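The values are calculated or read from the model by the stated rules, or taken from the named source; none is laboratory data. Since the structure is predicted, the reported quantities are computational estimates derived from the model, not experimental observations. Cβ sites come from the backbone with ideal geometry, for glycine too, and all protein chains shown count toward neighbours. In case anyone asks, the SASA skips ligands and DNA or RNA and just uses the protein heavy atoms, side chains included. Shrake-Rupley method; radii C 1.70, N 1.55, O 1.52, S 1.80 Å.
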Amino acid sequence: MKRSSDRILTTHVGSLARPAEVLKDILARVKHQPYDEEAFQAKVAASVKDVVRRQAEAGIDVINDGEQGRASFSGYIQERLGGLEPRPVEPRPGPQAMNYPILNEEFPGFMAQYNGMYRTMWMPPEIPREGLMDDIPTERTVLTGPIKYTGQAALQRDIANLSEALKGQKFEEAFITAATPPGSAAGDRLNNDIYKLEEEYVQGMGVAFHEEYKTIVDAGFLLQLDLGLPARNQVLPGNPHPSWEELRRESEKQVEAYNYALRGIPEDRVRYHLCWGSMNTPHTSDIPLKDIVDLILSIHAGAYSIEAANPRHEHEWMVWKDVKLPEGKVLIPGIVSHQTNVVEHPELVAWRI
């Protein structure tokens with residue numbers, strides 16, 4: 001992993017805007033409606049080329065494919081792991097698009113309005129809004145068999161698209177994002193005879209994700225792990241008011257799964273992104289960085305990407321006055337925020353640096 005030894009290298013967290021023609025097909029996939037898979041993949045390949053070119057032209061040093069073909073990390077996990085399947089469930093009462101119980105209780109009016117808006121605001125204006133989000137199923141991921149990796153073809157397509165798009169572009173390095181193994185609290189994982197012990201489930205997840213991680217690194221790309229620890233915003237599925245002990249315990253289990261999946265992979269080819277959530281909500285349920293920084297630094301990665309520019313966490317640069325970054329590790333502070341539609345003044349960005 002290259003370092004900012006001569007100048008400050010620039011990068012971003014991964015997801016970039018998709019064009020309307022790609023979003024239309026993604027929405028059809030989410031709704032389980034017919035679409036042309038071959039045409040969709042051609043659109044994704046073209047979109048990756050465009051987004052890579054635009055990153056290079058903007059002067060981004062460490063670039064990626066913008067996650068152009070993905071609808072979400074949860075859907076991506078279902079597509080690439082055998083043994084996990086979506087099952088329809090009855091819609092739950094209350095706001096759905098960003099179901100954070102604490103925020104829904106503290107700010108019910110705002111969250112209801114925001115969640116209604118969020119369902120369509122990620123679509124470009126050329127896509128009609130009326131009926132856009134109708135017929136999207138409410139689903140929960142369940143364990144139906146032993147977990148195994150089934151995403152080889154999709155991953156090779158991601159690698160091929162990015163490799164082709166990078167040809168002739170000026171950049172320092174390229175990365176591919178991958179999800180982290182979901183914890184046993186992230187679905188109906190242990191309610192059957194497939195995994196009687198949680199340790200068996202964690203090991204099964206680690207084996208499956210290891211294949212994706214190793215393939216990315218062996219292809220010459222940096223691996224970025226995404227999705228945050230449960231402790232970061234006090235969310236545990238099925239437990240709207242978890243105690244700090246419960247959050248901490250579940251986060252420790254997930255770090256164990258991350259590290260098992262990373263076994264044998266050089267740390268200097270791995271970066272971990274702590275996501276506080278991209279939603280433009282009050283974020284009052286976010287756990288302070290100082291309370292989970294030890295968990296983050298225990299992940300076997302060479303670099304840690306942490307938001308450092310949104311109003312709830314901008315002050316946390318001070319955490320690093322007291323916490324020493326381990327020898328050989330790299331901090332990637334996010335100094336331009338996606339939490340605001342206000343374009344930050346260059347002088348402000350310089351101050352943050």
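Tabulated data for the structure shown
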quantity	calculated
The range 233-353 - percent relative contact order, Cα under 8 Å, separation 6 or more	24
Sequence-separation-based contact order of the chain, relative, with Cα cut under 8 Å and 6+ spacing, percent	15
Solvent-accessible area, 1.4 Å probe, carbon plus sulfur percent, for the range 236-345	57
Residue-averaged 222 nm ellipticity for the chain, from DSSP H runs of 4+ at -39500 (n - 2.57), nearest 500	-12000 deg cm²/dmol
Assigned charges on the beta-carbon of Lys, Arg, Asp, Glu; the chain dipole about Cα centre (debye)	440
Longest segment of the chain lacking GluC sites (Glu not before Pro) that sit in a DSSP loop with at most 11 other Cβ atoms within 10 Å	131-326
Entries of 43/167; 2/290; 2/148; 170/290; 2/43 with Cα pairs more than 29 Å apart	2/148; 170/290; 2/43
Three-way shape call for the chain based on the alpha-carbon gyration tensor, with the a/c threshold at 1.5	rounded
Per residue accessible area in Å² of the chain, where ligands, DNA and RNA are left out and the probe is 1.4 Å	50
